[in-house]
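Scroll down for the structure; my scribbles are underneath it.
Quick note: the coordinates plus some simple rules give every number you see, no bench work behind them. Model, not experiment: these values are computed from the prediction. Here the Cβ is made from the backbone with ideal geometry for all residues, glycine too, and neighbour counts use every protein chain on show.
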Amino acid sequence: MSEDERHRSDLLYTLMDTYIKNDVLSVQESIVNHVEYTIARSRYHFDDFEAYQATAYSTRDRLIESWNDTQQYFHDQDPKRVYYLSMEFLVGRSLLNALYNLNLKGLYREALEQLGYNLEIIKERERDAALGNGGLGRLASCFLDSMATENLPAWGYGLRYQYGMFRQTIQDGFQRENPDYWLTLGNPWEIERPNVTYPVSFYGHVSAREEDGRQIFVWNPAEQVDAVAYDNPIPGYRTANTINLRLWSAKPSREFDLESFNSGDYVASILEKQNAESISSVLYPDDRTYKGKELRLKQQHFFVSATLQDILRRYTAQHGSLENFSDKVALQLNDTHPTIGIAELMRLLMDVYKWGWTASWEATTKVFSFTNHTVLPEALEQWPVELLQELLPRHMQIIYDINWRFLQELRAKFGNDQAREYRMSIIQEGDEKMVRMAHLALVASHTVNGVAEIHSELIKQTIFEDFYEMYPKKFQNKTNGVTPRRWLAFCNPPLRNLINETLGTDAWISRLDLLEGLKSHADDGEFQSRWVEVKQLAKAKLAAKIKELCGVEVSTDALFDVQVKRIHEYKRQVLNILGIIHRYDQIRNMSEEEKADVVPRVCIIGGKAAPGYELAKRIIKLISAVSQRVNNDPAVGDLLKVVFIPDYNVSLAEVIVPGSELSQHISTAGTEASGTSNMKFAMNGCLIIGTMDGANVEIAEEIGDDNIFIFGALAHEVPKLRTERADLKVDDRFAHVVRLISSGEFGYADFFTPIVDAVQGSDYYLVANDFPAYLRAQDAVDRTYKNSSIWTRMSIMSVAGCGKFSSDRTIRQYATEIWGVEPCERPRPPNAPEGY
Ligand code: 475
């Protein structure tokens, strides 16, 4: 360092040190500066929304500082890195999460209060970042939080959709979809990086030529768009590390097509280029299928191509070449959505970096691993060969080459077994040839994992049976988890405080196993009454939300019974609503004396139906119709209320989860890969009624099966039950309830016919079969609820047994058992202020 440089560096350090200070006045200065200079409002007049914006920008300053220093530290230490590739991140709000993680919440609350603003109020002005559909996208966000907290040298990569998950409104009981143009009023949490831009190509043709005795393929694309990076800092909890979520946005290419501009129609050329932006503009709101949607495939390629170019560029910039790349990088595929990245990495290594096939394949198979999130066969991604061929001709060629070598390997191992080849080939033969993305992912990944024990076993026996036989060592389990920060400590302060006080520490927030310490208090009467008080506070908040959103007044003395999740036949909202109808029918036929014995219930249902999923939309209408009827029946009163909460999303879940007492996870056994909201509810002292499916199995194991209401057919019984269904007699109560629907008791009888047919005919999801057991389990719920001390004990035991379901545990397992990456914790700056 020269004398001048040293002087400059000293000066910069001094400036920074005096910049971010942790006293109330400095925070106020920072907020007011942002009011005046960033959002350009007057510091004398700014409303709650502007106060939110300025507070967000002020918080962002801290995040950027931590982000920069963390990235510099990673660079200097140069550890193996992991990149989490996901088409979805269901982030939710960021303000409170960031303030809590940075340990600045108290300071900001006070600073704002003195300025006349209430943090609890202004935080509500933030729009959710809803860049995901449901479980898979929210899991990715929980993982980022845990990767930051566990100090892993990790980044997330995804897409910056301009339209997030649609906003659901309910009109006359029907779902309506409204666009979620969430960026309208700006997004303080992102940093645009116009200088981090990559070209992404599509269409065109492939030519070949000889070079040094080797055949070289050249892809001459016909369309090119630019991918621009937007960085979203992800702070860890009580660590100096802040990691990055890099999202790509499509922009018209700067260079391509210049000729068309010079060839005459300037305006038409500009308009055509504008189309480029549509690639990243909308999140597909379907969590099952998107058959043949060209734009979806374009999105996938756009995403992985930009991501891989970025990873390779940063690697070579630091190391001078790609040497040791596969020892220093791990790439996790969140489902098959980014699988085209396998062909793209092969292409980049071979065509751009001029590696041979063998070296390229060795590196590719060493870096990729893949997570499966579903056993439903219709959700397995396939793309028509014809479409891939047209859109990505070079990739199609590479996929054929991979498949050719794979089939050779298959023959070497199993001899000539045509049926097996037909089943396992990456290309599905038939009228329309298809590329099976899961098979490509399985062949090229060193590891594949399911997301709960039962699910990881099932994929070995069903959809991936052949692959398990061929590559048994590739298969692993990584039971999902959720971040205990957002889903307990931050969304439920009264419970957090009670736990802190009881355990004498808040260390459990990043070491969730410590919750076990609550077990010894489970029978303590005084502790129990405080526990009940905490739950009542959360119920009151939820009741107010219900009033605000549904206009229905509910009593907080009733049992709050909840089912919130995407609407799907396999998740069996139908079983829930049939149970509700049964309950309603019983109550309205009771004497006053009998009524005195009923446990009052509020049944809360929420969730979105994919816009093209007709039956799911009918189920929403049925729930609304039942709620109309029940809530207005004077014979029922407060004994039963049914509400459908519109637009279920992350922020609503943060109110619903703490306020619930019973949560339903009642999928047909063997269909729900894991479920993650079950973990959130259990963590907040909500009891679970559920089937032996997904993570319920492990929750029962951890909290004890006497602390959960389990019912229904087991996964191994399901196939046989399905074949016998038609011959079995159905329960009279079931027949009666179904008849009420089809006879028009709730109106719209014709409209509900497909629902009735589905459970009366083949009943693929075994609703009729499980109905009696479900009612028995619900009876047990009522009986237990009457004994507050037993119920509360179960609630405490649920929380105490939840340690396993922290995503910190999940991430540590991924890190050691799949990625081979180690923590890289940035030391706290020596002059860091108290509490930093
Ligand atoms: C499972 N989403 C849960 C959760 O592992 C599990 C599919 C296609 C396109 C867009 N989104 C999807 C899913 O498949 C999904 O959300 N799966 C869920 O993943 C996390 O807990 O059981 O259904």
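Here are some notes:
- Region 57-116-region 309-346 distance, computed between alpha-carbon centres (Å): 25
- Positive-end ranking of Leu136, Trp219, Asn372 along the dipole of the chain, with charges on Cβ about the Cα centre, is headed by Asn372.
- Cα centroid separation, region 496-526 to region 645-711 (Å): 21
- Here the contact order of region 224-355, divided by its residue count and restricted to Cα pairs under 8 Å and six or more residues apart, works out to 18 percent.
- Sequence-separation-based contact order of the chain, relative, with Cα cut under 8 Å and 6+ spacing, percent: 14
- For region 283-435, the calculated P(r) over all alpha carbon pairs, in 5 Å bins from 0 to the bin holding the longest distance, is 2, 8, 16, 20, 20, 17, 10, 5, 2, 0 percent.
- Reachable lysines, given that their alpha-carbon falls under 20 Å from the alpha-carbon of Lys729 and they are not under 8 places away in the same chain: Lys720
- For region 520-670, fraction of C-alpha pairs farther apart than 20 Å, in %: 52
- With both residues required to sit in the chain, DSSP beta bridges show an antiparallel share near 50%.
- Sparse packing (at most 16 other Cβ atoms within 10 Å of the Cβ) combined with a DSSP loop state is found for the following GluC sites (Glu not before Pro) in region 406-498: Glu429, Glu432.
- Region 114-206: relative contact order in percent, alpha carbon pairs under 8 Å with at least 6 residues between: 20
- Rg/Rh, computed from the Cα trace of the chain with Rh as the Kirkwood radius, has the value 0.97.
- log10 of Debye I(q)/I(0), alpha-carbon scatterers only, for region 704-802 at 0.12, 0.20, 0.22 Å⁻¹: -0.57, -0.99, -1.07
- Kirkwood Rh, angstrom, region 318-385 [1 / mean 1/r, Cα pairs]: 13.5
- Inter-centroid distance (Cα atoms) of region 575-619 relative to region 153-189, Å: 30
- With K and R counted +1 and D and E -1, the other residues having a Cβ less than 10 Å from that of Ala250 yield a net charge of +1.
- Signed unit charges on C-beta, dipole axis of the chain, positive-most listed residue Ile741, Asn696, Asn589: Asn589
- With the convex hull constructed from alpha-carbon coordinates only, region 372-501 shows a mean projected area of 11.2 nm² over all directions.
- The alpha-carbon of Lys80 sits under 17 angstrom from the alpha-carbons of these lysines, leaving out residues fewer than 8 places away in its chain: Lys328, Lys366.
- Whole-number D in µm²/s for region 595-701 (Stokes-Einstein; Kirkwood sum over Cα pairs; 10 °C, 1.306 mPa s): 102
- With only Cα atoms counted, region 99-164 has Rg and Dmax values of 15.5, 41 Å.
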